[in-house]
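Notes follow once the structure below has been shown.
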Amino acid sequence: MAEQKVVSVFDFGKTRNKFWQPCDKSVLDSQSFLVEQEFLTAGKDKVKPIFIVLGLEYLYKVTVDKLKCAPLATMHLSYIDPGADHMVQLNSDEQQYGFKLTYQTKALDIFLSDKLLYDQWKQHFRKVCLLQNFHDAFMVSKLIGKGSFAKVYLATRKENNQQYAIKAFSKSFMQQQHKGIESLLNEMQVMRKLNHPNVVKLHEVHETTNSVYFVVDIVSGGELLQRVRETGFLPAETLQRLAYNLLSALNHLHQFKIAHRDLKPENLLLRSNENNHDIILADFGLAAQLTDENILFKRCGTPGFVAPEILDYLEGQQFYDEKCDVFSAGVILYLLITGGQPFTGKDQKAILKANKDCQIDFDDSLFKSAPIQMQDLIRSMLQKKASYRLSSTECLRHPYFKELAKQQQIKLEKYTSNLAEYNQQFKNNVRAGSIDMTLEQRSPLFTGNLNSIESMTCVSNNSFAKIEMKPPSVVGASKFSQYSSRLNRLGSRDISDIPNTQLQKTESKKHIDLHRIAIQNSHRKQIIDQFEDQPVHQENSEVSDMVRLYNSTRQIRIPDNLSSLSQTNKQASTPTNKNKKNS
């Protein structure tokens, strides 16, 4: 099938002279997850190996004396057919499986002959790159929801009949919004970093001619507030588990220095109809990576739920931290107990003023009927000054969660024990079956934060696995120097000279057999002329048409020029309804 050419909105009109850019060798030292693999690629006149290291945000090319990189966030991934007329495939005695990686119009083609390794890399690339085969990969069945900037559809992956929710964005519509594409890119980058049972999971992102599609898990329980309206007040035990799950999700975000900045009942979904506490945190349209110097929409949120420090923020001041989410979570818990919001008013401006003044009625009879420890937790979460407020980590350690925390610790200890036993068993098996003990053994188990990335396993000497670096021979040696030392031990000054089976087969064919290529091209052309491919699904599908028509919004972004609210008679500007995306 002919490959669809996509002009990426995430390139912002930029092009590169080369695919790779030089980078500091020390950047590898800050990486908690690295995956390595030697591929084949085509040089100017020969096939040669290329040594690739995959991080969470960048793809790295390693040689003995240099390190180069390319960003993964907006890199496009497509697959090279095993029968294609590619130099690598035509000059190999083994079938080669290829990837085409494209960034700002520059492309890199890499190949593997090991189908198992190829499939593993395919799975990981799908999580960190932009795909462009949505209409080939999914069958869309119906509309299941809509938000400010997107619509949500139910779709089935054709290869395994697995169902997903598809959050569809119109590229033309997003380009019309102030910082719309930047906001979409930010949401994608934030969601890719998260992996927690109470946070919506982003599996893939597809970009086609007219649309961008987020592939996420189906959350079938609906909005939390709607469930509460149907069932009435939640029992104390349910509230406790719900609060714990919410704070656990926030703590996961905050470990990455990410602030959600738009916590409210509409963004809390229930995983299923089985219970009322298994919540899923959704909608990262206003989320911010707090370590980023260029944060979009510095004053944003929803009136009645936004933290006071966000309303107080002025350009040039010290930026607020992730405790802004703890405040919003406290408002949600107060609402679930009392059935009413702590900040009210006749219009949006009045609500924002009450929100900023932060006068909360803790003497409400329904609030006073809640467990004492829960009251204490919520009071600590709703402190006006962020410095007096508990962090999400401190909230989870509050006495209110003592029994739940104990249960979680027992489960964690059992899981860790099982993991250690499996790891030891695997290492014993490797030692027993190893042929070459001079090479570093690599553990197939991810040993970092289990909530930050999924474990990947493979019992191959070329394993698709996290590098478990041995202690360096020189104190303070960097990860790059460890790569370099390994390559030097193999008797090479350049990675392209490293001997391996694929390279030995390729080096015997240094000069391209042009006659062979011409014959194969002619033969393939005859076959193609006889059997034409099926037509490609076009972008004028029902999904894209409906997304383009959608143009409503119900959320707000607080303008940067909103004048300061106070208890005096000064008038404040009314926030606009722009630049907010909803699930």
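The values are calculated or read from the model by the stated rules, or taken from the named source; none is laboratory data. For clarity, every value in this text was computed on a predicted model and none was experimentally measured. Quick reminder, even Gly has a Cβ in these numbers, built from the backbone with ideal geometry, and neighbours come from all protein chains shown.
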**Q.** Selected residue (criterion: farthest from P82 (Cα to Cα)) from residues of the range 7-48 that are of a type in the set (G, A, S) and surrounded by 14 or more Cβ atoms within 10 Å (Cβ to Cβ)
**A.** S8
Q | In the range 132-154, the residues that are closer than 26 Å to I80 by Cβ, touching a residue at least 60 places away in the same chain (Cβ under 8 Å) and aliphatic (A, V, I, L, M) | A | A137
Q.
Could you check the range 384-401 and list, in sequence order, the residues that are surrounded by 18 or more Cβ atoms within 10 Å (Cβ to Cβ) and out of contact with any Asp or Glu (no Cβ under 9 Å at 6 or more places or on another chain)?
A. R389, L390, C395, L396, F401
Q. Would it be correct to say that F134 is under 21 Å from T208 (Cβ atoms) and of a type in the set (A, V, I, L, M, F, W, C)?
A. yes
Q | The one condition in (1) closer than 29 Å to N294 by Cβ; (2) at pLDDT 95 or above that N245 fails to fulfil | A | (1)
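A quick yes/no check of all residues on (1) more than 29 Å from R486 (Cα to Cα); (2) out of contact with any strand residue (DSSP E or B) (no Cβ under 7 Å at 6 or more places or on another chain):
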residue: K14; (1), (2): yes, yes
residue: F19; (1), (2): no, no
residue: Q37; (1), (2): no, no
residue: T41; (1), (2): no, no
residue: L77; (1), (2): yes, no
residue: P82; (1), (2): yes, no
residue: Q104; (1), (2): yes, yes
Q: Kindly provide the set of residues from the range 228-257 that are touching a residue at least 40 places away in the same chain (Cβ under 8 Å), charged (D, E, K, R) and out of contact with any Leu (no Cβ under 6 Å at 6 or more places or on another chain), ordered by number.
A: R241
Q: Look through the range 295-344, keep the residues that are surrounded by fewer than 19 Cβ atoms within 10 Å (Cβ to Cβ) and closer than 18 Å to Y388 by Cβ, and return whichever of them is modelled with the lowest pLDDT.
A: Q318
Q) Got at least one residue in the range 182-200 being among the hydroxyl-bearing types (S, T, Y), surrounded by fewer than 17 Cβ atoms within 10 Å (Cβ to Cβ) and outside the structural domain of N245 (by TED's automatic domain parsing)? A) no
(Q) So for the range 406-416 (the condition being at pLDDT 90 or above, of a type outside the set (A, V, I, L, M) and surrounded by 13 or more Cβ atoms within 10 Å (Cβ to Cβ)), does at least one residue qualify? (A) no
Q: Test each condition in (1) surrounded by fewer than 18 Cβ atoms within 10 Å (Cβ to Cβ); (2) touching a helix residue (DSSP H, G or I) at 6+ places or on another chain (Cβ under 6 Å) for I144 and report the one that comes out false.
A: (2)
Q.
For the range 197-209, check the following and say yes or no: at least one residue is under 11 Å from the mean Cα position of the chain (by Cα) and not in a strand (DSSP E or B).
A. yes
Q. When T291 is evaluated against the numbered criteria (1) under 21 Å from the mean Cα position of the chain (by Cα); (2) crowded, with 20+ Cβ neighbours inside 10 Å; (3) more than 30 Å from F134 (Cβ to Cβ), which criterion, by number, is the only one it fails?
A. (2)
**Q.** the range 260-294: number of residues that are part of a strand (DSSP E or B) and under 22 Å from E237 (Cα atoms)
**A.** 6
Q: State whether the residues of the range 298-309 include one that is assigned by TED's automatic domain parsing to the domain that holds L281, basic (K, R) and closer than 27 Å to A236 by Cβ.
A: no
Q | Residue list for the range 359-378, restricted to those being under 24 Å from R397 (Cβ atoms) and crowded, with 16+ Cβ neighbours inside 10 Å | A | I360, F367, A370, M374, Q375, L377, I378
**Q.** Filtered residue count, the range 34-51, keeping only those that are hydrophobic (A, V, I, L, M, F, W, C) and farther than 16 Å from V62 by Cβ
**A.** 2
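This table checks each residue for (1) farther than 14 Å from A329 by Cβ; (2) surrounded by fewer than 21 Cβ atoms within 10 Å (Cβ to Cβ); (3) touching a His at 6+ places or on another chain (Cβ under 8 Å); (4) not hydrophobic (A, V, I, L, M, F, W, C).
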residue: V228; (1), (2), (3), (4): yes, yes, no, no
residue: A236; (1), (2), (3), (4): yes, yes, no, no
residue: K257; (1), (2), (3), (4): yes, yes, no, yes
residue: A282; (1), (2), (3), (4): yes, no, no, no
Q.
Given the criteria in contact (Cβ under 8 Å) with a residue 60 or more places away in the chain and surrounded by fewer than 20 Cβ atoms within 10 Å (Cβ to Cβ), does D81 qualify?
A. no
Q) Hey, among the residues in the range 87-131 that are in contact with a Leu (Cβ under 7 Å, 6 or more places away or on another chain) and free of Cβ contacts under 8 Å to residues at least 24 places away in the same chain, which one's farthest from F51 (Cα to Cα)? A) Y97
Q.
Against the condition in contact with a helix residue (DSSP H, G or I) (Cβ under 9 Å, 6 or more places away or on another chain), of a type outside the set (G, A, S) and not assigned by TED's automatic domain parsing to the domain that holds F19, how does F149 come out, does it pass?
A. yes
